[in-house]
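Below is one structure; the comments refer to it alone.
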Amino acid sequence: MSIELFTWNTPNGRKISVALEEMGLPYTVRPIDITKNEQFGEAFLRISPNNRIPAIVDPDGPGGAPISVFESGAILLYLGEKTGRFLPRDLRERVPVYEWLMWQMGGFGPMPGQVHHFLGVKDPVDQRYGLERYSKETHRLYGVLDRRLAGNEFVAGALSVADFAILGWAWRHERHRVDLATYPNVRRWYEALMARPAVKRGFEVALS
Ligand SMILES: N[C@@H](CCC(=O)N[C@@H](CS)C(=O)NCC(=O)O)C(=O)O
């Protein structure tokens, strides 16, 4: 039975469509139009109490019973556990996946997300402080990623759910005004991932 993916066409939504495609799991997209506040609907809040996409319902959860999961990082870990793919079994190999996944969830998402927000502020006086602060932090994070990828093909050993999480946000680099030419290792990683057929499907599937 197919996993239901409650989502919208955003970086956090794309992480999960990419992971599902890479894992070869069948899924059905259930669009939640966040421009129309559908994320506040009662039925959606039952599976995603933070009123944010993405969330999934897996009819074939642990013990064969359905399970819902919200928060994209938790969904990625769940899917990795479920399939045994893109999440190493060995704890020593798994730790870097945890590290880079949490790095994305805590910074490489919230910070460029604030850049997107402040770019939309019309009054330049209101805009200036926030835009400067979050752009600077976003560039710092791209620098961290670039250094990590200098000696590594992927962020955490073999290709993992951490790469999918980061890719969802790197996909929006133009929107948060980052030129990948400044970060050649990120660019190499980004282009290699975007060339993968399953990643392409994950970015092309209609989510809205
Ligand atoms: N930490 C959450 C963040 C999810 C999130 O911010 N989702 C946005 C779209 S990318 C959303 O649903 N926004 C609706 C709102 O702000 O009400 C996750 O990674 O799942």
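Data overview
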{"quantity": "Extreme residue, surrounded by the most Cβ atoms within 10 Å (Cβ to Cβ), among residues of region 21-41 that are part of a helix (DSSP H, G or I) and away from the ligand (no atom under 15 Å from the Cβ)", "calculated": "E22"}
{"quantity": "Of all residues making up region 140-153, the number that are assigned to a helix (DSSP H, G or I), surrounded by fewer than 18 Cβ atoms within 10 Å (Cβ to Cβ) and not basic (K, R)", "calculated": "3"}
{"quantity": "Verdict on L159 being in a helix (DSSP H, G or I), modelled with pLDDT of 95 or more and under 25 Å from L76 (Cα atoms)", "calculated": "no"}
{"quantity": "Single match in I56, I47 (criterion: within 16 Å of the ligand (Cβ to nearest atom) and in contact with a helix residue (DSSP H, G or I) (Cβ under 6 Å, 6 or more places away or on another chain))", "calculated": "I56"}
{"quantity": "Members of region 64-92 that are in contact with a strand residue (DSSP E or B) (Cβ under 6 Å, 6 or more places away or on another chain), away from the ligand (no atom under 16 Å from the Cβ) and either closer than 16 Å to D163 by Cα or in a helix (DSSP H, G or I) (or both)", "calculated": "none"}
{"quantity": "Close pairs from region 181-208: first free of Cβ contacts under 8 Å to residues at least 12 places away in the same chain, partner not in a loop (DSSP other than H, G, I, E, B), Cβ under 6 Å, at least 6 apart", "calculated": "R187/L180"}
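Yes/no matrix, rows are residues, columns are (1) over 24 Å from L167 (Cβ atoms); (2) without any contact (Cβ under 8 Å) to a residue 12 or more places away in the chain:
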site: N37; (1), (2): yes, yes
site: F40; (1), (2): yes, yes
site: P96; (1), (2): no, no
site: G120; (1), (2): no, yes
site: P124; (1), (2): yes, yes
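The values are calculated or read from the model by the stated rules, or taken from the named source; none is laboratory data. As the structure is a computational prediction, the values presented were derived from the model and not from experiment. When we count neighbours, we look across all protein chains shown, and the Cβ atoms used for this are built from the backbone with ideal geometry, even at glycine.
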